[in-house]
1. If I ask for residues that are closer than 16 Å to V203 by Cβ and out of contact with any Ser or Thr (no Cβ under 8 Å at 6 or more places or on another chain), which ones from the stretch 226-249 would you list?
2. Mind telling me which of the residues T162, T102, T195 ends up being in contact with a Ser or Thr (Cβ under 6 Å, 6 or more places away or on another chain) and among the hydroxyl-bearing types (S, T, Y)?
3. For I98, all conditions in the list (1) surrounded by fewer than 20 Cβ atoms within 10 Å (Cβ to Cβ); (2) farther than 14 Å from P239 by Cβ hold save one; what is the number of the exception?
4. Here is a list: T99, T162. Which entry is under 27 Å from D220 (Cα atoms), among the hydroxyl-bearing types (S, T, Y) and more than 17 Å from the chain's Cα centre (by Cα)?
5. Can you name every residue in the stretch 45-67 that is part of a helix (DSSP H, G or I) and farther than 15 Å from W6 by Cα?
6. Considering the stretch 259-287 alone, what residues qualify as being β-branched (V, I, T) and either outside the structural domain of P152 (by TED's automatic domain parsing) or assigned to a helix (DSSP H, G or I) (or both)?
7. Here is a check on your reading of the model: is R249 part of a strand (DSSP E or B), surrounded by fewer than 22 Cβ atoms within 10 Å (Cβ to Cβ) and over 20 Å from the mean Cα position of the chain (by Cα)?
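The values are calculated or read from the model by the stated rules, or taken from the named source; none is laboratory data. Since the structure is predicted, the reported quantities are computational estimates derived from the model, not experimental observations. Cβ atoms come from the backbone with ideal geometry, glycine included; neighbour counts cover every protein chain shown.
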Amino acid sequence: MVSMDWNLIKSFLAIERTGSLLAAARQLGVNHSTVFRRLNAFEKEIGGRVFERVNNRYELTSIGIEMIAHAQRIENSFDTIERKIVGTDSNPKGVVKITAPTNIAYRYLPRYIEKFNQIYPNIHIELLVSNQEFNMTNRQADIAVRATPSPPEHLVGRQVSTINWGAYASRRYEIKLGLPTVVDDLHGHSLIGATGALRNLPVFTWLEKNWSQNITARCDELVAMSYFAEAGQGIAFLPDDQTRSGIVRLFDLGLDHTSDLWLLTHPDLRNVERIKLVMRHLSKAFMGEKF
């Protein structure tokens with residue numbers, strides 16, 4: 001397996017992680033037929049089937065289970081080599097991949113990146129918009145913008161801002177039920193709660209504990225929640241980076257409900273010149289922002 005084509009191993013791992021040829025092809029940036037050919041070649045090298053179809057999903061066979069740990073070790077070795085090579089690059093040109101949550105990616109990063117490219121036109125930014133965490137070890141992203149109280153220990157970076165949270169509603173909602181000015185005035189009001197992973201945030205844990213009987217709608221994403229509020233569905237509890245003209249900030253939720261915004265990268269990449277330049281520019285931009 002050590003001498004096997006690396007592309008075959010990558011395709012094997014991508015299928016195992018995504019459960020389908022099509023999703024694996026999207027992840028690898030190739031077409032469906034290429035992944036299919038690689039899978040056949042991989043199984044020919046191994047001498048047996050590594051997947052079987054179960055409920056329209058590719059599941060590992062006993063041979064596949066034996067192979068997965070070997071494949072992951074090879075992947076980790078390649079990732080380490082690639083990061084070490086990239087880490088020696090001192091030339092300010094090339095691609096830098098940034099992952100950021102939805103609202104930050106929509107409202108802030110385009111302005112920051114445009115100004116950056118006026119100064120460094122040979123550094124090309126790829127923006128990966130997602131509220132999910134990307135794997136920084138295998139360089140799915142070079143820089144992560146994350147709102148978190150405790151960044152992962154395997155990443156390095158700096159806190160660039162603290163974002164307060166507030167209660168928000170629209171004028172359309174005011175016509176129906178008026179607008180409260182303090183937390184204690186929420187009795188009798190319709191509230192927008194969270195679902196999915198968003199429900200684990202401290203703000204929504206507090207909301208469930210104290211005001212669950214007032215929740216009339218739920219969202220699993222903050223931008224969508226802000227638009228529910230704008231439509232008059234109810235009062236939303238949002239970080240202040242969501243502030244815009246369609247909704248009104250009613251009151252502050254206090255120091256117990258804030259979000260720390262971090263810029264993070266992998267330790268092997270922190271001395272890459274183009275990544276350092278992007279990190280420095282974004283740090284300055286975020287620290288100058290009034291959320």
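1. Correct list: S226, F228, F237, D240, D241, T243.
2. Unique residue meeting the criteria: T162.
3. For I98, the exception is condition (1).
4. Details: T99 fails: more than 17 Å from the chain's Cα centre (by Cα).
Unique residue meeting the criteria: T162.
5. S62, I63, G64, I65, E66, listed by residue number.
6. So in the stretch 259-287, the residues β-branched (V, I, T) come out as 265, 272, 275, 278.
Within the stretch 259-287, I275, V278 meet the criteria.
7. Values: part of a strand (DSSP E or B): yes; surrounded by fewer than 22 Cβ atoms within 10 Å (Cβ to Cβ): yes; over 20 Å from the mean Cα position of the chain (by Cα): yes.
Yes.
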